[in-house]
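This report refers to the structure that appears directly beneath it.
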Amino acid sequence: VQLQASGGGLVQAGGSLRLSCAASGSIVSINDMGWYRQAPGKERELVAAITSGGSTNYADSVKGRFTISRFNAKNTVYLQMNSLKPEDTAVYYCNADAGDARKQFWGQGTLVTVSS
């Protein structure tokens, strides 16, 4: 399974971006999908995740501002990011687990930069 993320960029504080991540390749059943981020000098952290049934969970720091969604027919996950803050600046990685073994797959990362 390959994950291809897109949608990052430079935005001013208060602005919005939408990230997309599409899975391709030898796709077996994809279970949970999610977005993580890693800021300079910090550990990678979970931003948001969504199950195949549509249940979601969010990091406290993004609740009310970010929305995760997925389109199962296209094995695609999205992250709508509103009211962006400089502290949201990071490389964002999409993640998916697939199959009964729940093997983890990672996208290549997309940089989001929020200027103040």
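Of these, Leu19, Leu46, Leu10, which one is modelled with pLDDT of 95 or more and more than 12 Å from the chain's Cα centre (by Cα)? Of the residues listed, the single one that is modelled with pLDDT of 95 or more and more than 12 Å from the chain's Cα centre (by Cα) is Leu10. Taken residue by residue, region 73-88 has no member that is under 16 Å from Leu3 (Cβ atoms), loosely packed, with under 13 Cβ neighbours inside 10 Å and not basic (Lys, Arg).
Taking (1) more than 16 Å from Asp97 (Cα to Cα); (2) assigned to a strand (DSSP E or B) in turn, Asn31 satisfies each apart from (1).
Filtering Ala5, Ala23, Ala48 for residues that are at negative phi, open to solvent by less than 80 Å² (accessible area, probe 1.4 Å) and touching a Phe, Trp or Tyr at 6+ places or on another chain (Cβ under 6 Å) leaves a single hit, Ala48.
Of all residue pairs spaced 6 or more apart or on separate chains, those with beta-carbon atoms under 7 Å, a first member in region 8-26 that is part of a strand (DSSP E or B) and a second member that is surrounded by fewer than 12 Cβ atoms within 10 Å (Cβ to Cβ) and among the basic types (Lys, Arg) are Ala22/Lys74. Here Ser69, Ser116 are screened, and the one residue that is exposed (fewer than 11 other Cβ atoms within 10 Å of the Cβ) and either at negative phi or touching a residue at least 40 places away in the same chain (Cβ under 8 Å) (or both) is Ser116.
The values are calculated or read from the model by the stated rules, or taken from the named source; none is laboratory data. The structure displayed is predicted, hence computed values, not measured ones. Every residue, glycine as well, gets a Cβ built from its backbone with ideal geometry; the counts of neighbours run over all protein chains shown. All accessible areas refer to the heavy atoms of the entire protein, side chains included, with ligands and DNA or RNA removed. Shrake-Rupley method; radii C 1.70, N 1.55, O 1.52, S 1.80 Å.
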